[in-house]
1. Counting only DSSP beta bridges with both residues in the chain, tell me the antiparallel percent, nearest 5.
2. Rule-of-thumb check for the stretch 4-209: C-alpha Rg over 2.2 N^0.38 Å?
3. At a 10 Å Cβ-Cβ cut-off, how would you order I91, I34, I104, I148, fewest neighbours first?
4. Amide H neighbours of T178 under 5 Å, at least 5 residues apart or on other chains, H built in the peptide plane: list them.
5. Output the relative contact order of the chain, whole-number percent, from Cα pairs under 8 angstrom with separation of 6+ residues.
6. Looking only at Cα atoms, what is the convex hull volume of the stretch 79-169 per residue, in Å³?
7. Mind listing the phi-derived Karplus ³J(HN,Hα) values for the stretch 204-210, rounded to whole Hz, using 6.51, -1.76 and 1.60 with θ = phi - 60°, and x for any glycine or proline?
8. Run the quick spin-label model on R59 and E201: label points 7 Å from Cα toward the beta carbon, then report their separation in nm to one decimal.
Amino acid sequence: MALIRLDHVTKYYRNRLALSDVSLAFEPSEWVFITGPSGAGKSTLLRLVSLAERPTRGRVEAEPGMRRAIGMLGQEFRLLADRNVYENIAIACRIAGVWEREEIRQRVTPLLDEMGLRSMEGLFPGELSAGEKQRVALARALVRHPRILIADEPTGNLDPPAAAQIFSLMRQYRDRETLVLVATHVEDWTQRHPGRVIRLEQGVVHSDAPGPEPSGASRPDGTPRPDAAGGI
Ligand code: ADP
């Protein structure tokens with residue numbers, strides 16, 4: 001069962017065509033790259049999947065309530081400058097209606113550990129490096145246990161080591177049934193973290209290459225699968 005499905009979706013901004021007749025389905029646990037040059041429609045596709053915008057034509061189908069089960073990560077960190085690390089993450093719980101102090105702590109603390117932020121929980125965004133800020137933003141996106149994580153150029157403002165760390169952390173999280181959609185124009189990441197790669201060009205799906213099967217997987221006849229990650 002697809003988690004979210006786009007059915008012949010076309011999106012115009014005024015008279016500017018951003019996406020043209022796009023049909024795609026996404027499953028739980030998928031790791032999906034959206035690639036393509038600037039202006040190809042990557043951000044538009046993510047805004048439609050996140051249910052933040054509606055298509056001009058066609059349908060975006062998701063279960064009721066899915067909107068609240070989506071975590072977002074962008075190029076900008078968008079942290080609250082006057083709240084510390086812990087509060088920046090906890091606030092996402094409150095927005096989701098979780099107010100009980102102990103429950104918030106039980107959600108935030110493991111993420112602080114996972115993101116390597118435990119010793120920084122009392123610091124303010126101005127005291128953090130770009131990579132640390134993005135790890136706070138990732139924790140904030142994950143604290144509601146999203147079914148879909150949407151990341152639009154999440155490493156655009158990071159140096160290579162910090163970028164690699166963010167990708168590893170997102171990759172780890174995918175192992176928990178979460179669909180992860182990452183838009184990037186940096187093709188290198190698709191090699192380093194193989195997955196399904198959807199390439200957009202001028203608003204159309206130019207290619208959609210499935211990711212490799214989990215290790216050890218084989219075809220029904222027992223022969224090993226070729227690595228499908230290379231795409232076309
Ligand atoms: P990408 O993320 O691949 O760079 P976008 O989805 O941002 O591409 O943009 C696709 C096309 O839609 C571009 O031609 C862009 O100028 C246009 N577009 C995107 N957002 C808007 C908007 N809010 N208003 C007008 N045009 C937009």
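1. 50 percent
2. 1.03
3. Neighbour counts put them in this order, fewest first: I91, I104, I148, I34.
4. Sorted by chain and number, the residues that satisfy this are S29.
5. Averaging sequence separation for qualifying contacts and normalising by length gives 27 percent for the chain.
6. Per residue, the Cα convex hull of the stretch 79-169 comes to 97 Å³.
7. Coupling constants for the stretch 204-210: 10, 6, 7, 7, 9, 9, x Hz.
8. A separation of 3.1 nm, rounded to one decimal place.
Throughout, read-outs are computed from the coordinates displayed, never taken from laboratory work. This is a predicted model, so every value here is computed, not measured. Virtual Cβ from ideal backbone geometry, glycine too; neighbours counted across all protein chains shown.
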